[in-house]
Amino acid sequence: MINPMVEIKDYSIQLGTFQLNNINLSISEKEIFAVLGRTGSGKTVLLESVAGFYRKFSGAVSLQGKPVVDIPLEKRQIGFVYQDFGLFHHMSVYENITYGLKIQRKDKAYKKEMADKMAEILSIGHIMNQYPGTLSGGERQRTALARALILNPKLLLMDEPFSSLDPSTKEMMYQQIKKIHKIFGCTILFVTHDFNEAQRMADRIGIMVNGELRGIRNSADLFEDCQDQEINQFLLGGYERRIIV
Amino acid sequence: MKERFSVFSFFEIFTIIITIIVIIFTSVLILAIVLKGLPYLGQAFYSEEVRFAVKLSLYTASISTIICMALAIPTAYALTRTSFPFKKVCQMIIELPLSMPYLVLGLSLLIVFSSDFGKALKELGFKVVFDKNGIIIAQTVVNLPYVIRFIRTAFQEVDERLEFISGSLGATKWERFITITLPLSKNAIITTIILAWSRGLGEFGATLMLVGATRMKTETLTTSVYLNLATGDTGASMASATIILIISLISLFLTNWIGRKNPQESRMKDVNQ
Ligand SMILES: Nc1ncnc2c1ncn2[C@@H]1O[C@H](COP(=O)(O)OP(=O)(O)OP(=O)(O)O)[C@@H](O)[C@H]1O
Ligand SMILES: [Mg+2]
């Protein structure tokens, strides 16, 4: 049997007063999985846990069958796009994007070629020489995406990656990410607040409620009624709001 | 922009008066040295003794600063980025000398280097007691806890998630340190270098205990102030003091200038300053 890309087993972690409680999730290779949930429900902590950010926890997180904390960070081949982007503010956009290639000691021509390719996909060619401090929110987001995507990671973890983009740019990004996903066959785990986005992008969707991952379902069945009242409430609340807006 | 001229409250006036008193007191101290010392400054440069002291001070302070940095950067990294048993205790031991009088530190140095260990070192050709090596060691020991604390704080302020991202992009721990942690604490490190250097120049207590005050042999600028005053040569003493003051002023200016200069562009640059 082939090992799933991500396997989380009975995973719990305590951070201050917050607890991520008994998470079980398996994401197969090339799958796109979306995580929905109220603010503060633990979505970012879940993503960081998959990336192996934390050391003190119970249970297990494995990437392709290997415990994530046993793989040296630099060998995990994960792309992580943080909610606040985590750009290196002492480097220009170009240096940010080509950082991973510089670490791999790729030559200048190759870096330039790859950066141009990314710039075209994400339309950020015009800001290559700017520093992160001067960028708009959407430009930062796309820079962070480019920096992660340029290495073709096996696993792409994105925390609300499209939240500060306008509808038409968002639309374009959906298509580009889908295209990248198709070409490179990476596995994607991402967080979003947008039900529509989750359904458009993901194969499956999980809903976080108070540190628990509940109601994992196929994205087509997102609004299906279930026993869990909190989930129904969360989904319905969002649905009503959508209709009103 | 309506309230351009705010009326001072009593409390504000009180703080301003206190500030003025502090400023007057400090200025008097500085002026005392400058006014007394300036006339002797010219002749001091022709004095072989003062020239010797300047050279010795610059030399020892530079070397001790280099040693301090070489020891402090790895230590600060270990203290902020690795976990090992009894870390808190280690940190306390490292910072203990911060609260110790330099005279006492000098005394413990003297005890260590006059022991059999010190004698063995001397046999091997490394003289410490009554030697300029001793000056370097005294300055290093006095400065090291400060330097470690500054650099540790600088490393702590670097967002560890940036290092995590750097690692996820393939960088080893060493590469993360070189490309992220170190550049992001660059300003603090430069400031620390200047501070360590000027503190090294001003060191006296520990140096005196370890190497004594021998004219033209272990005579640093501060020792020169002391020696010349003791022998009644106020002029030479004042001249050396003025040179120390000038060096301190330059380093103070440099630290402020580096602190203000922000290499990373920001959209807030007009708002913040
Ligand atoms: N290191 C930490 N120490 C203490 N509490 C933490 C820590 N990290 C996260 N938390 C808490 O855990 C909870 C979940 O945080 P998390 O960032 O995962 O929320 P989220 O679901 O991503 O929310 P949002 O949608 O607003 O981004 C929050 O209440 C947060 O304050
Ligand atoms: Mg979050």
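The values are calculated or read from the model by the stated rules, or taken from the named source; none is laboratory data. Note that the structure is predicted; figures quoted are calculated from it, not measured. Neighbour counts are summed over all protein chains in view; Cβ atoms, including those assigned to glycine, are modelled from backbone coordinates with ideal geometry. SASA here: full protein model, heavy atoms, side chains in, ligands and nucleic acids out. Shrake-Rupley method; radii C 1.70, N 1.55, O 1.52, S 1.80 Å.
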Can you give me the number of residues within segment A:6-20 that are polar (S, T, N, Q) and not in a strand (DSSP E or B)?
-> 1
Say whether the condition of being away from ligand 2 (no atom under 16 Å from the Cβ), in contact (Cβ under 8 Å) with a residue 24 or more places away in the chain and part of a helix (DSSP H, G or I) is met by at least one residue in segment A:105-115.
-> yes
Would you pick out the residues in segment A:163-208 that are open to solvent by 60 Å² or more (accessible area, probe 1.4 Å) and either within 14 Å of chain B (Cβ to nearest Cβ) or within 16 Å of ligand 2 (Cβ to nearest atom) (or both)?
-> A:Ser163, A:His193
Some residue of segment B:122-138 being over 30 Å from B:Pro183 (Cβ atoms), at pLDDT 95 or above and of a type outside the set (Gly, Ala, Ser) = yes
Which condition breaks for B:Leu184 when tested against (1) buried (at least 20 other Cβ atoms within 10 Å of the Cβ); (2) closer than 29 Å to B:Leu110 by Cα; (3) at pLDDT 90 or above?
-> (2)
Examine segment A:77-87 for a residue that is more than 16 Å from ligand 2 (Cβ to nearest atom), under 22 Å from A:Thr187 (Cβ atoms), assigned to a strand (DSSP E or B) and not hydroxyl-bearing (Ser, Thr, Tyr), and state whether such a residue exists.
-> yes
Working only within segment B:92-134, note down all residues that are in contact (Cβ under 8 Å) with a residue 12 or more places away in the chain and either on the phi > 0 side of the Ramachandran plot or among the acidic types (Asp, Glu) (or both).
-> B:Glu95, B:Phe130, B:Asp131
If we keep only residues of segment A:53-76 that are closer than 30 Å to A:Met128 by Cα and part of a helix (DSSP H, G or I), then the residue farthest from ligand 1 (Cβ to nearest atom) is A:Lys75
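Hey, among the residues in segment A:65-82 that are in contact with a Pro (Cβ under 9 Å, 6 or more places away or on another chain) and open to solvent by 20 Å² or more (accessible area, probe 1.4 Å), which one's nearest to the other protein chains (Cβ to nearest Cβ)? Even if it seems obvious, please write down each step before you answer.
Step one: list which residues in segment A:65-82 are in contact with a Pro (Cβ under 9 Å, 6 or more places away or on another chain), which gives A:65, A:76-81.
Still in the running and open to solvent by 20 Å² or more (accessible area, probe 1.4 Å): A:65, A:77.
On the way: A:Gly65: 20, A:Gln77: 8 Å.
If we take residues in segment A:65-82 being in contact with a Pro (Cβ under 9 Å, 6 or more places away or on another chain) and open to solvent by 20 Å² or more (accessible area, probe 1.4 Å), then A:Gln77 is nearest to the other protein chains (Cβ to nearest Cβ).
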A:Gly211 vs. criteria within 16 Å of ligand 1 (Cβ to nearest atom), without any contact (Cβ under 8 Å) to a residue 60 or more places away in the chain, crowded, with 17+ Cβ neighbours inside 10 Å and under 18 Å from A:Ile8 (Cα atoms) = no
Top-ranked residue of segment A:15-27 - restricted to ones that are in contact with a strand residue (DSSP E or B) (Cβ under 8 Å, 6 or more places away or on another chain) and within 26 Å of B:Ser166 (Cα to Cα), ranked as farthest from ligand 2 (Cβ to nearest atom) = A:Ile27
The residue that is nearest to A:Gly215 (Cα to Cα), considering only those in segment A:31-52 that are in a helix (DSSP H, G or I) and either of a type outside the set (Lys, Arg) or more than 7 Å from ligand 1 (Cβ to nearest atom) (or both), is A:Leu46
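Taking only segment B:39-89 into account, find how many residues are part of a helix (DSSP H, G or I) and open to solvent by less than 90 Å² (accessible area, probe 1.4 Å). I'd like the intermediate steps shown before the answer.
First, the residues of segment B:39-89 that are part of a helix (DSSP H, G or I): B:39-46, B:48-81, B:87-89.
Remaining after also requiring open to solvent by less than 90 Å² (accessible area, probe 1.4 Å): B:40-42, B:44, B:49-50, B:52-54, B:56-58, B:60-65, B:67-81, B:87, B:89.
Selection size over segment B:39-89: 35.
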Test A:Glu95 against the stated conditions and say whether it is away from ligand 1 (no atom under 16 Å from the Cβ), within 17 Å of the chain's Cα centre (by Cα), surrounded by fewer than 22 Cβ atoms within 10 Å (Cβ to Cβ) and among the charged types (D, E, K, R).
-> no
Acidic (Asp, Glu) and free of Cβ contacts under 8 Å to residues at least 60 places away in the same chain - does that describe any residue in segment A:31-40?
-> no
Which of the residues belonging to segment B:174-201 are in contact (Cβ under 8 Å) with a residue 24 or more places away in the chain, within 14 Å of chain A (Cβ to nearest Cβ) and hydroxyl-bearing (Ser, Thr, Tyr)?
-> B:Thr181, B:Ser185
Of all residues in segment B:157-173, which are more than 8 Å from every other protein chain (Cβ to nearest Cβ) and within 27 Å of the chain's Cα centre (by Cα)?
-> B:Glu157, B:Val158
Which one of these is within 16 Å of ligand 2 (Cβ to nearest atom) and at positive phi: A:Gly52, A:Gly42?
-> A:Gly42
For segment B:145-173, the count of residues that are in a helix (DSSP H, G or I) and either open to solvent by less than 60 Å² (accessible area, probe 1.4 Å) or within 16 Å of A:Asn96 (Cβ to Cβ) (or both) equals 16
